[in-house]
1. Restricting to region 179-212, and then to whatever is among the small types (Gly, Ala, Ser) and out of contact with any helix residue (DSSP H, G or I) (no Cβ under 6 Å at 6 or more places or on another chain), can you tell me which residue is farthest from Ile155 (Cα to Cα)?
2. Among the residues of region 205-220, write down those that are assigned to a helix (DSSP H, G or I) and open to solvent by less than 90 Å² (accessible area, probe 1.4 Å).
3. If the Cβ limit is 6 Å and pairs must be 6+ apart or interchain, which residue in region 93-120 that is closer than 24 Å to Ala48 by Cβ pairs with which residue that is open to solvent by less than 30 Å² (accessible area, probe 1.4 Å) and in a helix (DSSP H, G or I)?
4. Please go through region 127-170 and give me each residue that is open to solvent by less than 30 Å² (accessible area, probe 1.4 Å), closer than 25 Å to Pro202 by Cβ and small (Gly, Ala, Ser), ordered by number.
5. Residue check: is Phe20 within 17 Å of the chain's Cα centre (by Cα), over 24 Å from Gly101 (Cα atoms) and of a type in the set (Phe, Trp, Tyr)?
6. Restricting to region 171-198, give me the number of residues that are open to solvent by 50 Å² or more (accessible area, probe 1.4 Å) and among the polar types (S, T, N, Q).
7. Looking only at region 24-46, which residues are assigned to a helix (DSSP H, G or I) and buried (at least 22 other Cβ atoms within 10 Å of the Cβ)?
8. Pro88 is checked against (1) open to solvent by 30 Å² or more (accessible area, probe 1.4 Å); (2) closer than 23 Å to Arg128 by Cα; (3) in contact (Cβ under 8 Å) with a residue 12 or more places away in the chain and fails just one. What number does that condition carry?
Amino acid sequence: MEEREAGAFPFPLKGRIPNFKGSHDAARKVRELEEWQRAKTVKANPDAPQLKVRELALVDGKRLFMAVPRLRDQHPFREIIPPGNTKPRKAVSIKGSQKYGKPRSMEELPEIDLIITGSVAVHRDRRRLGKGGGYSDIEFALAQEHGKITERTTIVTTVHPLQVAEEEIPFEDHDIPLDYIITPEEIIETKTGYQRPIGILPEILSDSYREEIPVLKQMLSN
């Protein structure tokens, strides 16, 4: 993406969910989805390329939730509720979410209608590659365990066309498959056999996850 000058601030693109030129156009295209129009609750990642999607969620009157970084809080989600005089774009930045985000426990989290997730690379057959930290997968699994994510929840990512890979992308049991891939020019509805994970898989959790994520530690100790 950097070689093709397709990236956008912040740089370098490596080591993060890469921002891309056209991310605002892709965000506006998300609005064309019937699932977006019906959605009342949205959970979104905090990364730069999805900032416009988060802004539009507030503009369109949806309840917007973002996870606490690395889930290191007994209340692992924040509902973004800015005062009326605050611009939505400011409220949905990382700093804004810390200022205007109201703590929500797993029990307080409503059922999520639509998930916006960031991606490093995707495949048209539903596979997605993230940064490799695994926190998006754990967020998803925890919300599943608490009945907040169901088969009715739609999973969407926005990417640059260069991020839509033709080559193989690894897919593990804990990985989240996509329902829609949105680029600035295209809405890709994915339809394959890749299945969603089913809750927390204790056998693959590292000790660091078990110890550093309070909600996970409590759940596994019960």
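1. Applying the filter and picking the extreme gives Ser208.
2. Across region 205-220, the qualifying residues are Ser208, Tyr209, Arg210, Glu212, Pro214, Val215, Leu216, Met219, Leu220.
3. That search, which allows pairs on different chains as well, returns Tyr100/Ala91; Ile116/Gln50; Ile116/Val53; Gly118/Gln50.
4. Correct list: Gly130, Gly134, Ala141, Ala143.
5. Considered against the rule, which asks whether it is within 17 Å of the chain's Cα centre (by Cα), over 24 Å from Gly101 (Cα atoms) and of a type in the set (Phe, Trp, Tyr), Phe20 comes out as yes.
6. The qualifying residues number 2.
7. The answer is Ala26, Ala27, Val30, Trp36.
8. Failed condition: (2).
The values are calculated or read from the model by the stated rules, or taken from the named source; none is laboratory data. From a predicted model like this one, the values you see are computed outputs, not experimental measurements. Please note: Cβ atoms are built from the backbone with ideal geometry, for glycine as well, and neighbour counts cover all protein chains shown. The accessibility values were calculated without ligands, DNA or RNA, using every heavy atom of the protein model including side chains. Shrake-Rupley method; radii C 1.70, N 1.55, O 1.52, S 1.80 Å.
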